[in-house]
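Readers should treat all values here as calculations from the given coordinates under stated rules, not as data from a laboratory. Values in this document were obtained by computation on a predicted structure and should not be read as measured data. As a convention, Cβ positions derive from the backbone with ideal geometry for all residues, glycine included, and neighbour counts pool all protein chains shown.
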Amino acid sequence: MWFATPSLSGTFTRYSLPVSRRTPKKVGTLPVEGQDTAKQTNEIGMFASVLDVIDIAGKTISADALLTQRTLAHYLVGRHAHYHFTVKGNQRKLQEDIALLFRHRGTPQHVELSPPDHGRVETRRIWCSTALNTFLDFPHVGQVFMIEREILHKKTGAFSIEQALGITSQTPEQATPQAVLTTNRGHWTIENSCHYIVDWNFHEDRSRISAGHGPANVSRLRRFAISILKSFADGKSTVAEKMRRLNRNTRLVFDYLRMTKNSTRVAAPVSG
């Protein structure tokens with residue numbers, strides 16, 4: 001089950017399932033009363049309208065930093081769901097308090113090593129804590145966390161470390177460090193596989209189409225194009241690389257759409 005959306009970036013998973021069986025879902029803009037007005041509302045304004053038509057009881061809703069809002073936390077817990085929010089500079093005091101807590105963090109509570117796909121080796125570490133539960137000016141805090149992502153590019157030897165802070169209403173009894181990391185990875189899996197592509201390759205967030213059914217129709221066309229490109233995935237080239245090659249060779253466009261007499265699935269895939 002997947003709900004397409006032009007803007008709202010959220011996922012949910014059933015925390016009652018084993019970690020290995022959790023499948024993140026994309027939540028998106030669904031038909032709501034006053035839809036024409038809603039299309040011009042930002043992600044914060046659309047949050048409740050989108051989730052009002054979904055049964056979210058017992059699920060964990062993840063969102064990026066823009067949606068880390070007290071009112072939205074109250075809304076989710078009030079509907080018997082859990083939140084999993086990224087914390088950044090738009091909640092500066094919250095960010096500073098969590099960062100200070102993990103400044104001397106010691107040994108991580110869980111570590112994951114990803115397979116060396118796409119020419120890089122990724123190591124993820126997570127630290128969780130309940131020490132700030134009653135201190136933070138944020139509702140329904142179950143625990144806070146820091147995730148560290150270490151990336152080694154095999155070809156160049158380049159090395160980088162990224163850190164992310166977050167907050168969740170799930171207590172340690174409801175979500176272990178491994179479960180928190182799994183939820184976080186599930187959120188960014190959706191971001192990278194869908195929202196990132198439509199934003200950076202199709203410039204959706206910068207689109208100025210706003211009248212009538214235009215935004216919804218163009219959004220469907222973008223996702224249709226992405227689904228066609230992914231149907232010919234060969235594991236070697238990205239959507240962006242395929243788009244660049246199609247721009248140089250319009251004949252391939254017709255091959256992808258099966259609109260030529262000798263179109264085949266073998267002929268269409270691109271190698272870079």
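Scalar couplings 3J(HN,Hα) for segment 133-139, obtained by applying the Karplus form with A = 6.51, B = -1.76, C = 1.60 to θ = phi - 60°, are 4, 9, 8, 5, 8, 8, x Hz; x denotes Gly and Pro. Projecting label points 7 angstrom from Cα along Cα→Cβ for residue 131 and residue 99 puts them 1.7 nm apart.
Other residues whose C-beta falls under 12 angstrom from the C-beta of residue 103 contribute a net charge of -1, scoring Lys and Arg +1 and Asp and Glu -1. For the pair residue 74 and residue 254, a Förster radius of 35 Å applied to the C-beta separation gives a FRET efficiency near 0.10, rounded to the nearest 0.05.
Along its three principal directions, the equivalent ellipsoid of segment 108-162 from the Cα gyration tensor extends over semi-axes of 32, 10, 8 Å, largest first. Is there a pair in 88/242; 59/93; 59/155; 155/242; 59/242 whose C-alpha atoms are over 32 Å apart, and which pairs would that be? Too far apart for the 32 Å limit: 88/242; 59/155; 59/242.
For the pair residue 185 and residue 121 in one chain, pulling the backbone fully straight at 0.36 nm per residue adds 21.5 nm over the alpha carbon distance.
Remark: the residue 151-residue 107 segment gains 14.0 nm on full extension, using 0.36 nm per residue and subtracting the alpha carbon distance.
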